[in-house]
Amino acid sequence: MADAGSDSAQDVGSEASTPSSSKRVTSLLSVLEISVTEPERRTGVSAINMKETYTVYLVETRITDMKSELLPEIFTDETFSLWRRYSEFELLRNYLCVTYPAVVIPPLPEKKIHMMWQKLSGGEDKFDPDFIERRRAGLESFLLRVAAHTQLSQDKIFHAFLHLVEAWKETVLATGYQNKMDSRLKTLNAQFRLKNPDRRFQDLKNYSSELEANIANLLKIRERLAERLYGIHKIHANYGRVFSEWSGIEKEMGDGLQSAGHFMDVYAASIDSMLEEEDTYADALKEYLYFADALRSICRKQELLQYEVEKLEDKLVYLKAQKQQMEQGVDVKSGFSLKGMTTKLFGADTPEIREKKIQQLEEQTQQTEEQLQAAKWELSTYIDRSLQDVERFKRQKVRDLREIFINYSIMQIKLCKKGVSLWNNTKECFTKM
Amino acid sequence: MADGTDSGFSEGQPSGPGGSSGPISPDLDPLNITTSTVDLEESLDMGAETPLDCGPTPRSFYTLFTDGEGDPKAAGDDITVFTQSSLAGLQLDDALASDVHDLFVTVDDPEKHITNMESYITYRVTTKTTRSDYDSHEYVVRRRYQDFLWLRERLEATNPTHLIPPLPEKHSFRRLDRFSPEFLKTRQAALQKFLSRIVDHPTLSFNENLTIFLTAKAWELASHRKQAQGIMGKMGSSMRSMAAGYMMKNRSPEYATMQEYVNTFGAKMGTIDRINQRLLKEMTDYEQDLREFGPVFTLWSNSETELAPAMLGMAAGVEKCEKALEQQISDQEHVFAPPVKEYILYAEAMKAVLKRRDSIQMEYELTVEELNRKRNDREQLKMSDQSYSLGAFMGKDPEEVRQQKRTKLDAQIEELLKQVEVSNDNVECANADLKADLERWHRNKRRDVKEVFSELCDRNIQYYQECLSAWEETLQEINQKSELETASTLATPTSSCPDTPNLATPTSSVTPPLPATPTKEGTEGGASEGQEVTQ
């Protein structure tokens, strides 16, 4: 998970931190820090003229290397900050998705609660402080990941997001990015009508489904485990109480029981901070759950582009066949054809008309060939770029997930050590009795 | 007390095998209570001087019950679960005098018996003794739970003033399977404890019912049991005991305190038992979830290549924790819970003996009341006018009537005096027995609590240590792979520069076409640059 601290953020983002990559500094994150803090409640008027309450977050940017060439020109101050609400983050992300379809765009924290088990733990209320805090962390991670990406971090709208206080929304809309969005229908069509689906993207789709399923499963069980562990610790508070009461009727054993009871209370209380920490790792994993969606978008775009190519290829074949037909006259053996019908009904074309038609077809063919070339080029560039970014994503994912596992293990180790020490203390109470 | 002569005073006698002492001294003035009390206290003090916390206990005493030494059968042949269970490993109750250590009993080897009517378990009871009132030095018999029940009933009936150790409950509630190995081991240990406590009690260990229990053949025991059923038992005292607690005038506050203590103690033990049950349930559920957790990592590792070792490491860590938890759960149920249940039963036994003591005191007070009434009557008689009595009415001389009544009352008073004397002694004996038993019980309770709860802590420590090493190992594995990985990526520099367009892998053989494209590229990659950002 991308943390606020610049060190780990560097790990997350710029490749400069890994010894394997080149020494070049490649992204914005190496020269500045971003943090999302201080959620505040605001009331305003919504688009439909109704009063609404929403939360805003303070987005603070601090530049660490003022002299860097990477810095956009508009970043003149060393620190600057502004308030953003969730919908603005959403807008930024949508813009980036449309503008950089070959990039695996980092996900935003959830808007609504999807999974039942989260509802039960009180996450449904969007003003619940816990929910807001976890959202804040997710939003920060999002910005850090964007800033860490070579291409994305150069985007002017992104810079404006960090810097432009007034009318940022209008600026985004002014780019007309919505026009570039692919229609749902087209995308769906593409999915189902590809003749030769690209093996790599099929694999990627499968991979993203597996990733999603595995993480979802993991998170569900982790939640259950957390609840049980919580229960077990809290039951020990009952031991604390009964030892305390019991100590009241005992003479020599009284002190020992009393202290033992105290330790039981400590034990019961110790679980709270541990579970809070575990929540942060769960959130980090959840980020990758949403990343699966971003991967699928990549696949969809590829399918669309390939579909365009195939459509054009088909068209080309058809045109050529048409031309052939024209030149050779009606081909009786081809069975039913419109040409055959019209010929029978209206008489065959005159040579002049035929000539004209053939020319038309040639023009169309030429056009289609050009289109096909363009589409093929677009497809191949897209494939190159997207696969490259997918590789970057995968490497990042390996780093991130490993870090999560390491942190989780360290947390468990801490918990175990605390447990050993606490039970040793408790034992002393009894042995000294 | 049917054969109460030997119960009250044997504690005061420091020597002599067998210990049945002489009857109550006839010189005692039955109403001069203080004298008899003093005597009793003196003899008690004598007993107290013999160190209750027996310093160096004879070595032979312990060999029987420590693991692996002495009689190898002592700890039970098949106990692999407990090497140091809180029941089997606990020391025996302290004995007052060192020469009581001449009777050793062990319980082991549960066996299932199936008959047409029922199936049940018997345990082997082995006795070793040097006592002269036992015909042989060693006995081996088979006894079932019902036999233990019989023994306890008989002991209670013949020693109402003593605290009789409890037996484990008849049924186990959580496990419906009363033949499961864990249940049998727990019960065996509890039965062992029961017998050890009795054998170690200075009075109870000489009880003839115990001797029968330890030595009789199966058919002999059966006939004794039938006999016992013929005797209706002490109905009278049980009825009186119901009212006793509330009606006593002279009960000293220490008994009220004892009562309160026992009630509270029993309640606390009950609470602890319930907490144990809840904890057990939660831990079991937790373990089930853990069992599902590990495989998720394993499954996930199938779709990851570089992370697979780390994920398998996680899975392994989780699995080891689950194993540790399994052990913890088993200990919670079979090692920690039974002693707590036993002390709940002990509290009940204590309540019973307190009640019985109360009823004995009640009897004494009633007798004294009766005596005073009769004396009062006698005084009244001197001054009364017998002319209107029934006897005079029937033609007798009033003076004769008075004399007859006087004689009758004298006889009654004489009888009551004796009864008062006896019942007073009973009270004193009962108090002494109770006091001694309770003192012993408190000492043992303290030791048991120490041991049982220390062991609970030990097991938790062990659990956490196992989990600790599991996660440390996992951490190592995860980190290790990371080094391997960086090593491998260093070897292939081309794949490590992510932002140079990777044209090395041609996806199509299409050449970048016509002028149309550069603008396309420009708009795609540099869409943001094309935009003027207005401020």
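Suppose the filter is under 30 Å from residue A:433 (Cβ atoms), facing chain B (nearest Cβ under 7 Å), without any contact (Cβ under 8 Å) to a residue 60 or more places away in the chain and in a helix (DSSP H, G or I); does residue A:245 pass it? For residue A:245, the condition - under 30 Å from residue A:433 (Cβ atoms), facing chain B (nearest Cβ under 7 Å), without any contact (Cβ under 8 Å) to a residue 60 or more places away in the chain and in a helix (DSSP H, G or I) - is met. The single residue among A:195, A:205 that is in contact (Cβ under 8 Å) with a residue 12 or more places away in the chain, basic (Lys, Arg), on the phi < 0 side of the Ramachandran plot and not in a helix (DSSP H, G or I) turns out to be A:195.
When B:410, B:425 are checked against the criterion of being within 29 Å of residue B:359 (Cα to Cα), more than 9 Å from chain A (Cβ to nearest Cβ) and buried (at least 20 other Cβ atoms within 10 Å of the Cβ), a single residue qualifies: B:425.
Selection of first residues in region B:301-324 that are farther than 25 Å from residue B:287 by Cβ and within 11 Å of another protein chain (Cβ to nearest Cβ) and of second residues that are among the polar types (S, T, N, Q) and part of a loop (DSSP other than H, G, I, E, B), restricted to Cβ pairs under 8 Å at least 6 apart or on distinct chains, gives the following pairs, ordered by first then second residue: B:308/B:302. The single condition among (1) more than 8 Å from chain B (Cβ to nearest Cβ); (2) surrounded by 19 or more Cβ atoms within 10 Å (Cβ to Cβ) that residue A:239 does not meet is (1). Going by what's in this entry, would residue B:446 be described as facing another protein chain (nearest Cβ under 9 Å) and among the basic types (Lys, Arg)? Judged against the criteria, residue B:446 is a match.
The residues of region A:279-302 that are among the polar types (S, T, N, Q) and under 17 Å from residue A:182 (Cβ atoms), listed by number, are A:297, A:302.
If you go through region B:102-129 and keep only what is in contact with a strand residue (DSSP E or B) (Cβ under 8 Å, 6 or more places away or on another chain) and more than 20 Å from residue B:184 (Cα to Cα), you end up with B:102, B:103, B:104, B:127, B:128, B:129.
If you go through region A:208-226 one residue at a time, do you hit one that is more than 8 Å from chain B (Cβ to nearest Cβ), crowded, with 17+ Cβ neighbours inside 10 Å, in contact with an Asp or Glu (Cβ under 9 Å, 6 or more places away or on another chain) and closer than 30 Å to residue A:264 by Cα? The answer is yes; a qualifying residue exists. Within region B:106-152, being of a type in the set (A, V, I, L, M) and over 14 Å from residue B:214 (Cα atoms) holds for B:114, B:117, B:121. Could you say whether any residue in region A:61-81 is surrounded by 15 or more Cβ atoms within 10 Å (Cβ to Cβ), assigned to a helix (DSSP H, G or I) and touching a strand residue (DSSP E or B) at 6+ places or on another chain (Cβ under 9 Å)? No, because not a single residue in region A:61-81 is surrounded by 15 or more Cβ atoms within 10 Å (Cβ to Cβ), assigned to a helix (DSSP H, G or I) and touching a strand residue (DSSP E or B) at 6+ places or on another chain (Cβ under 9 Å). With the condition kept exactly as written, say whether any residue in region A:391-403 is surrounded by 19 or more Cβ atoms within 10 Å (Cβ to Cβ), among the acidic types (Asp, Glu) and at the interface with chain B (Cβ under 9 Å from one of its Cβ atoms). Within region A:391-403 (the criterion being surrounded by 19 or more Cβ atoms within 10 Å (Cβ to Cβ), among the acidic types (Asp, Glu) and at the interface with chain B (Cβ under 9 Å from one of its Cβ atoms)), the answer is no, since none of the residues qualifies. Taken as a whole, the structure places residue A:220 among residues that are basic (Lys, Arg) and under 23 Å from the mean Cα position of the chain (by Cα). Suppose the filter is within 12 Å of chain B (Cβ to nearest Cβ), of a type in the set (Phe, Trp, Tyr) and without any contact (Cβ under 8 Å) to a residue 24 or more places away in the chain; does residue A:263 pass it? So residue A:263 fails the test.
Scanning region A:174-192 for residues that are assigned to a helix (DSSP H, G or I) and free of Cβ contacts under 8 Å to residues at least 60 places away in the same chain yields A:174, A:179, A:184, A:185, A:188, A:192. Note on region A:138-173: residues that are assigned to a helix (DSSP H, G or I) and either among the polar types (S, T, N, Q) or within 13 Å of another protein chain (Cβ to nearest Cβ) (or both) total 20. Select from region A:174-192 the residues that are within 12 Å of chain B (Cβ to nearest Cβ), polar (S, T, N, Q) and touching a helix residue (DSSP H, G or I) at 6+ places or on another chain (Cβ under 8 Å) and list them in ascending order. Once the filter is applied, which keeps residues that are within 12 Å of chain B (Cβ to nearest Cβ), polar (S, T, N, Q) and touching a helix residue (DSSP H, G or I) at 6+ places or on another chain (Cβ under 8 Å), region A:174-192 yields only A:175.
This table checks each residue for (1) surrounded by fewer than 16 Cβ atoms within 10 Å (Cβ to Cβ); (2) in contact (Cβ under 8 Å) with a residue 24 or more places away in the chain; (3) of a type outside the set (A, V, I, L, M, F, W, C).
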{"site": "B:365", "(1), (2), (3)": "no, yes, yes"}
{"site": "B:372", "(1), (2), (3)": "yes, no, yes"}
{"site": "B:390", "(1), (2), (3)": "yes, no, no"}
{"site": "B:403", "(1), (2), (3)": "yes, no, yes"}
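A single member of B:259, B:332 is closer than 21 Å to residue A:230 by Cβ, crowded, with 17+ Cβ neighbours inside 10 Å, more than 10 Å from chain A (Cβ to nearest Cβ) and not aliphatic (A, V, I, L, M), and it is B:332.
Within the set B:420, B:401, B:427, B:368, the sole residue that is among the β-branched types (Val, Ile, Thr) and either touching a Pro at 6+ places or on another chain (Cβ under 8 Å) or closer than 30 Å to residue B:454 by Cα (or both) turns out to be B:420.
In the set (1) more than 27 Å from residue A:91 (Cα to Cα); (2) in a helix (DSSP H, G or I), the condition left unmet by residue A:212 is number (1). The set of residues from region B:299-311 being surrounded by 20 or more Cβ atoms within 10 Å (Cβ to Cβ) and in a helix (DSSP H, G or I) comprises B:300, B:310, B:311. Filtering region B:195-219 to residues that are outside any helix (DSSP H, G or I) and basic (Lys, Arg) leaves only B:217.
Every number in this text was worked out from the coordinates using simple rules, so none of it is lab data. Keep in mind it's a predicted model, so treat the numbers as computed, not measured. Note: ideal-geometry Cβ built from the backbone for every residue, glycine included; neighbour counts use all protein chains shown.
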